[in-house]
Amino acid sequence: MKICWIHPTTRDGALEPLWSRLDATIRPVLRKDTQLEQRFLARSGNFVRSLYAEHLNSVHLVDAALEAEKDGFDAVFIGCWNDPLMEAREMLSIPVGSVGEQTMLAAMAMGRRFAVVTVSDKTTVAIENDINAYGFRDRAISRPVRAIEPQSDGALLLGAVDDPRKAFLPRFEAVARACIRDGADTILVGCGYYGPLLRAAGYAEIPGTGVPVVDATAVGLKYLEAMADLSLTMGLVKSTRLQFRAPPAEAIARARASLGGA
């Protein structure tokens, strides 16, 4: 099985320690016969903390997903909570998963009410929109997506590669405990990068609560493995009755031409 893990940005050389740590942390979770390749976008504004910026970046993400299918991958993983999941599913004929939907599906089996702790206040908007779109609203707490303060930046992320407990964890845990007080019994890490870093540091539960802290990247990829299994062994990928039926190729070509080569 070959899975393509697509990041939402171009490859930033300053974050090489992160990419290496992610690879080392995720591979042991997957089956030994699963081939995983990380890919980055050829073009990106490298900013998705905005609905409009996310909308623009989605074109590049879906293009990368289409390229992965052409290259023979069995499944595509969109490695960001700000994702064009439905658009990619419409266009591809192989399974497409994401850190968001697949992890929220997993949360249904872990507890009664989940919450997502994410990295910026603008990201809460996109994730809450997805919760509603995916039909999970009744299984989440009130104000289901909340952000750490101060919000994440490159320095915090690189610091977490070395030790997430030093600066990131106090911010994360303060928000998670507030979510628990409001009824959450499962906490999802609302970032594709901090989840693996916390898990690598041995942090998998809010201390003294019994509430699991879910690494959305690892869980999302494991669910995608199962989706790829269903595709490869039973031919089950998606419904083509309506929403995920691929549009006419000529219509998409005209739509792409309107972007002027974007």
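Describe numerically, in nm with one decimal, the distance between label points set 7 Å from Cα along Cα→Cβ at ASP162 and at TYR134.
3.4 nm
Using a Gaussian network model of the chain whose springs link C-alpha atoms within less than 10 Å, name the residue from ALA147, ALA107, ALA249 with the highest mean-square fluctuation.
ALA249
Using the eigenvalues of the Cα gyration tensor, what equivalent ellipsoid semi-axes result for region 163-251 when each is taken as the square root of five times the eigenvalue, whole Å, largest first? Don't jump to the answer; show the numbers that get you there.
Working: eigenvalues 257, 45, 38 Å².
Here the semi-axes work out to 36, 15, 14 Å.
Using only the Cα atoms of region 50-161, what do you get for the radius of gyration and for Dmax, in Å?
15.1, 42
Just reorder THR209, THR240, THR186 by solvent-accessible area, largest first, 1.4 Å probe, all chains present.
On the way: THR209 55, THR240 80, THR186 0 Å².
Per-residue accessible area, sorted high to low, gives THR240, THR209, THR186.
Report the FRET efficiency, 1/(1 + (r/R0)^6), for ARG181 and ASN46, where r is their Cβ-Cβ distance and R0 is 30 Å, rounded to 0.05. Please report the intermediate quantities before stating the final value.
On the way: r = 35 Å, r/R0 = 1.18.
Calculated transfer efficiency: 0.25.
For q values of 0.19, 0.25, 0.26, 0.33 Å⁻¹, compute log₁₀ I(q)/I(0) with the Debye formula on a Cα-only model of region 72-118, without solvent.
At q = 0.19, 0.25, 0.26, 0.33 Å⁻¹ the computed log10 ratios are -0.66, -0.93, -0.97, -1.22.
Considering only LEU105, LEU22, LEU188, give the residue with the highest GNM mean-square fluctuation for the chain, with springs between Cα atoms whenever their separation is below 10 Å.
Residue with maximal mean-square fluctuation among LEU105, LEU22, LEU188: LEU105.
Over the chain, with a single point scatterer placed on each C-alpha, what log10 of the ratio I(q)/I(0) does the Debye formula yield at q = 0.08 1/Å?
With one equal scatterer per Cα and no solvent, log10 I(q)/I(0) is -0.30.
Using a 10 angstrom cutoff on alpha carbons, build the Gaussian network for the chain and name the most mobile of ARG181, ARG245, ARG113.
Of ARG181, ARG245, ARG113, the Gaussian network model singles out ARG181 as fluctuating most.
Could you estimate the translational diffusion coefficient of region 102-149 from the Stokes-Einstein equation, with Rh from the Kirkwood formula over C-alpha pairs, at 25 °C and 0.890 mPa s, in whole µm²/s?
227 µm²/s
Could you give the nm distance between label points at LEU242 and GLU67, where each point is 7 Å from its Cα heading toward the beta carbon?
3.4 nm
Which three extents, in angstrom, do the Cα atoms of region 1-87 have along their principal axes, listed largest first?
The Cα atoms of region 1-87 stretch 39, 29, 19 Å along their principal axes.
The values are calculated or read from the model by the stated rules, or taken from the named source; none is laboratory data. Small disclaimer: the values here were computed from a predicted structure and weren't measured. Note that we place each Cβ from the backbone using ideal geometry, even for glycine, and neighbour counts take in every protein chain shown. Keep in mind that these areas ignore ligands, DNA and RNA; they rest on the heavy atoms of the full protein, side chains included. Shrake-Rupley method; radii C 1.70, N 1.55, O 1.52, S 1.80 Å.
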